[in-house]
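Undergrad: Here it is, the structure in full.
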Amino acid sequence: MALKFYNTLTREKEDFSPIDPKEVRMYTCGPTVYNYPHIGNYRAYIFADTAKRVLLYEGYEVKHIMNLTDVDDKTIRDSQKEGKSLKEFTEFYTEEFFKDIKSLNILTPTKFTKATDYIDEMVNIIKKLLEKGLAYKSEDGSIYFDIGKDKEYGKLVRLEKKITVTSECALENPEKRFGRIKSDEYEKDNIQDFALWKAWDENDGDVFWETELGKGRPGWHIECSAMSMSNLGESLDIHTGGIDNMFPHHENEIAQSEGATGKQFVKYWMHNEWVLVDQKKMSKSAKNFYTLRDLTDKNINPIAYRFWLLMANYRTRVNFVWDALEGAEVALKRLFRLYKDLGNDIGTVNVKYQQKFKEYLEDDLDTPRALTILWDVFKDENMSNADKKATVLDLDKVLGLGFENIKEEETPEKVLKLVKEREDARINKDFKKSDELRDKIKSLGYEVKDSSDGYKIEKI
């Protein structure tokens, strides 16, 4: 079966065929480093990581770029609130992001790019747009993309350009049909010319660059075009991100990138759906979000969140509830225990299970069905433990659950002593003391399981 991805641009599943057969060029919209990302944000990065792992599993070389937005409305606003320089403020949250993706077992991209390192590249793109008449300078010195000049604007989200005329625009340019908006983010019904370059004003403080375009800073959207094309070329294979970034961000990326180059910007647009809370979109503005710190405060391994997300298709909205996550962690711990029981020998990957696993993943990353293969391997009584172990490790190259890092932990001496006391109590038929000692052992995070062959100690 050929590898198929759902392309948001065409609204169809398409056979995947990279522009360059030797290398897949992939870009992921990374975080704006002004706060801790919430777990809804991390769905986008886990999804992108899964897509990349599948490509690697299929034998492709992948050049993967993820941006870090370290200059925009939010970073400037919040760095000023904390009385810190933009660099100091954003570097703190960048490091926290790196810790988070490590805890989620997300593969490090080929390169992380910071927006502030690509100002010259942004200026060059904007100059091209000005030369082609696709952008214009307003009276305050800011530069806007003229969506009225782009016949295909709205093709990603299937928008129709509704004609609106503002008195300001009409007076300045009678031919102009659209208003303009300077803020980085805005709603879908607010379709207007967007800022490519923002002329400095007092709200920006000391955040500005002196360029051929004037004193100012870039708009959010131009940043991703500059970072992606500078590292991956003018045409990309895959661009991933959350569905909330489709408009205005990704729509504007297409307009300015294709306007500057005259080439198709991205061949396959891939978007993950939202993580909801109480059936509402998780967002910082609504204050209805959780971070990975909320999970670890409850002693939940962040990998359990990754596992929970893999249980649903990436294009399906999921509603976050603690009971569901805790249930996922119980299931994951069971898988880890089953893996530990396989012993130390590593045999041969079972081709039958491997092919079935690939078949599910090749159907637009069908991770829910792919996970069933993992359970089937553990249940197969006709496979040796060594072959099971080899097969699980092979499947985990895509799942990223960290089986290869699982090691048999030494049971603390204190627990071993209590287990010995309990065993003596059982032999002496002092069942009351035996039960008390079992509870004490459990309080230390271990469980004793009795069988006809003796007993077994497991970490809870």
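Read-outs throughout are calculated quantities, based only on the coordinates presented, and are distinct from any laboratory measurement. This is a predicted model, so every value here is computed, not measured. Neighbour counts run over all protein chains shown; Cβ positions are idealised from the backbone, glycine included.
Undergrad: If you scan the range 119-152, which residues turn out to be of a type in the set (D, E) and not in a helix (DSSP H, G or I)?
TA: Within the range 119-152, E139, D140, D146, D150, E152 qualify.
Undergrad: Specify which of the listed residues (F208, F247, F194) is among the aromatic types (F, W, Y), buried (at least 23 other Cβ atoms within 10 Å of the Cβ) and over 17 Å from T28 (Cβ atoms).
TA: One residue alone meets the criteria, F194.
Undergrad: I would also like to ask the following. In the set T90, T110, which member is β-branched (V, I, T), in contact (Cβ under 8 Å) with a residue 24 or more places away in the chain and surrounded by fewer than 19 Cβ atoms within 10 Å (Cβ to Cβ)?
TA: T110
Undergrad: Of N288, N319, which residue is without any contact (Cβ under 8 Å) to a residue 12 or more places away in the chain and farther than 25 Å from R53 by Cβ?
TA: N288
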